[in-house]
Amino acid sequence: MKKTIKEQKTVLFILLSNIFIAFLGIGLIIPVMPSFINVMHLSGKTMGYLVAAFALAQLIMSPIAGRWVDRYGRKKIIIIGLFLFGIAELIFGLGTHVSILYLSRILGGFSAAFIMPAVTAYVADITSVKERPKAMGYISAAISIGFIIGPGIGGFIGEYGIRMPFFFAAAIAFIACILSTFILKESLTKEQLAEISANAKQTNFFSDLKRSIHPIYIIAFILVFVLAFGLSAYETVFSLFSDHKFGFTPKDIAIIITISSIFGVVVQIFLFGKMVDKLGEKKLIQLCLIVGAVFAVASTVISSFLAVLVVTCFVFLAFDLLRPALTTFLSRAAGKEQGFVAGMNSTYTSLGNIAGPAIGGILFDININYPYLFAAVIMVVGLGITVVWKEKQLTEKLAK
């Protein structure tokens, strides 16, 4: 019988810390990028490409990492991912040319591809079906804290030097790597891993994508893409938007994102389960897409600091509630293929994180409001997709 979440606090804390660190790296770059742009004469398009480079590397490595998680074990892949992340952040902190920055983001993408599916599969291994939604909610909260509070941390630490946030990230990554090495135990035995590996077909990226089109998975995966696309397009240009339109300092930006992230995570941890029970996953997802689209449009017509704070809180909250609903559904659908599904979840997230920042950066150079309007359109498209999501039918298939 599997232990309860309360009985595995230490292990869960280490796992959640690891995934927090991975997603911290995605957002950490954002508040200091206006300064980088000024010093290195970069454009909004280049900023978008730097964020997209991280996601592209994650996309390429995710299916491979998902298979390795099932073949070699969760712990080994987590440790490798953390070590790569530390190296990536150290390189970025030392980089003086844009090519070095790209190299850093690529290595960072590889590290995220290792960490995300390994942690998700590990948590699925050690939790019961009953407690898994709660555990996935914790993972989503850790992702949200890392991805959304990353710019906040970067902004505060950036007060001590533009490169300090990256040295800080490298240090905590190496510490987490050491702690994981000594504290974590492999969640499955060698025999269990061998059985999963033997049952899994030898596949490549394209065959994995083909498998992901299965009716049980595809709508949820498309919504994962929409979530990543909309949030990354919105967040990538947030610091530039705030700097250019309102004259906000990195510290102002850090305050807004930090408060917004805390608001979202608190609601996520304490109310997510109740909202799913009352509304169901599908209705909750639809509500979040509507709220996200409305407030993304509102972002283009406000001007005061307080208004920006309120709007940002609700945009991030919408995304914070979307993620665990989708992750929980995919985990239930995965069965014994936790590594594959977690890897493809990471793949579709990467696809969104590639397209969102790249297009958002280009649109920003054309018109400062276009990235937010574009994010709103994408969320409306996602809402349309949910109309054809036969959730009950899929649930019945899972029960068979």
query = Based on the Cβ-Cβ distance from residue 13 to residue 71, what FRET efficiency comes out when R0 is 30 Å, to the nearest 0.05?
reply = 0.70
ask   = If you plug each phi of the range 154-160 into the Karplus form 6.51 cos²θ - 1.76 cosθ + 1.60 with θ = phi - 60°, what whole-Hz ³J(HN,Hα) values come out, in order, with x for Gly and Pro?
value = x, x, 5, 5, x, 5, 9
query = Rounded to the nearest 0.05, what FRET efficiency is calculated for residue 279 and residue 218 with R0 set to 30 Å and r the Cβ-Cβ distance?
reply = 0.85
key: Residues listed by number, the range 314-328, amide nitrogen under 20 Å from residue 209 label point at 7 Å toward C-beta   = none
ask   = ³J(HN,Hα) across the range 359-372 via Karplus (A = 6.51, B = -1.76, C = 1.60, θ = phi - 60°), whole Hz, x for Gly/Pro?
value = 5, x, x, 5, 5, 4, 5, 7, 8, 4, 8, 4, x, 6
request  = Pairs to check: 134/282; 45/75; 9/274. Give those whose C-alpha atoms are more than 29 Å from each other in this structure.
outcome  = 45/75
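Bear in mind that the values in this text are calculations on the coordinates, not laboratory data. This structure is a prediction, so every number in the text was calculated from the model and none was measured. Reconstructed Cβ throughout: ideal geometry from the backbone, glycine too, with neighbour counts over all protein chains shown.
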